[in-house]
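Colleague: Handing you a structure now.
The values are calculated or read from the model by the stated rules, or taken from the named source; none is laboratory data. Note that the coordinates shown come from a computational prediction; the quantities given were computed from them, not determined experimentally. We place every Cβ from the backbone using ideal geometry, glycine too, and count neighbours over all the protein chains shown.
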Amino acid sequence: MHRIIDGTSSQLDRAAIIWARATAVRDNDPDVATLDEPRPIISRVLASSERALLAIAEATNGTAVAFGAIAPMPGDGNVAELHYFGVDPDHWGKGAAVELLAGIAALLRERGFDAAELAVYSDNERAVRLYERLGWRRLGEPVPHQRSGRPEQRYRLVLRPTA
């Protein structure tokens, strides 16, 4: 079991370390980024709204093993966007992603959000399978990522039915 905490005000570096390690392994990059690369992108999400959230999954020993950086979508404050989500590669396949995604959904419901959205590289089969298994549904067709050009698929999770 993992403990899910709201790390918005104090856990930025823990999230940045996870992001650097996870993206290096995902992309088969032998060089793990320094904190100077992921820290500002996660920080921008958190600074974008007073309703932004940094959720952290901690192992029983207190080690941060996964994170999600979330903020309301511009133009629709009732939909949250999961901008960044990562699990430390040493904890892949150990339940942290499932527990953190469930914890994020609960936190977003508590905060009045109706739905959540995210974008994932279409070729990230591990993540795509996870999101679909947990009830996230495809929105439209994949589009090229702004910087990398890799196809990205958007997904939505309904948190509470709307009338």
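Colleague: Mind counting the residues in the range 139-163 that are within 16 Å of the chain's Cα centre (by Cα) and not aliphatic (A, V, I, L, M)?
Modeller: 5
Colleague: Also, quick follow-up: Here are some conditions: (1) out of contact with any Phe, Trp or Tyr (no Cβ under 7 Å at 6 or more places or on another chain); (2) over 21 Å from Asn124 (Cβ atoms); (3) surrounded by 14 or more Cβ atoms within 10 Å (Cβ to Cβ). Ala105 meets all but one. Which one does it not meet?
Modeller: (2)
Colleague: Continuing with this model, one more query. When you look at Glu141, is it in a loop (DSSP other than H, G, I, E, B) and farther than 21 Å from Thr23 by Cβ, yes or no?
Modeller: For Glu141, the condition - in a loop (DSSP other than H, G, I, E, B) and farther than 21 Å from Thr23 by Cβ - is not met.
Colleague: What are the residues in the range 127-163 that are charged (D, E, K, R), surrounded by 13 or more Cβ atoms within 10 Å (Cβ to Cβ) and in contact (Cβ under 8 Å) with a residue 24 or more places away in the chain, if any?
Modeller: Hits for the range 127-163 are Arg150, Glu152, Arg154, Arg156.
Colleague: Considering only the range 4-31, state which residues are at pLDDT below 90 and either under 16 Å from the mean Cα position of the chain (by Cα) or surrounded by 15 or more Cβ atoms within 10 Å (Cβ to Cβ) (or both).
Modeller: If the condition is that a residue be at pLDDT below 90 and either under 16 Å from the mean Cα position of the chain (by Cα) or surrounded by 15 or more Cβ atoms within 10 Å (Cβ to Cβ) (or both), then Ile5, Asp6, Gly7, Thr8, Arg26 are the ones that fit.
Colleague: Just the residues that are in contact with a Phe, Trp or Tyr (Cβ under 6 Å, 6 or more places away or on another chain) and either over 18 Å from Met1 (Cβ atoms) or touching a residue at least 60 places away in the same chain (Cβ under 8 Å) (or both), please, taken from the range 44-77.
Modeller: Scanning the range 44-77 gives a single hit, Ala69.
Colleague: Residues in the range 49-70 that are of a type outside the set (Val, Ile, Thr), surrounded by 13 or more Cβ atoms within 10 Å (Cβ to Cβ) and under 15 Å from Ser9 (Cβ atoms): how many?
Modeller: Number of matching residues: 9.
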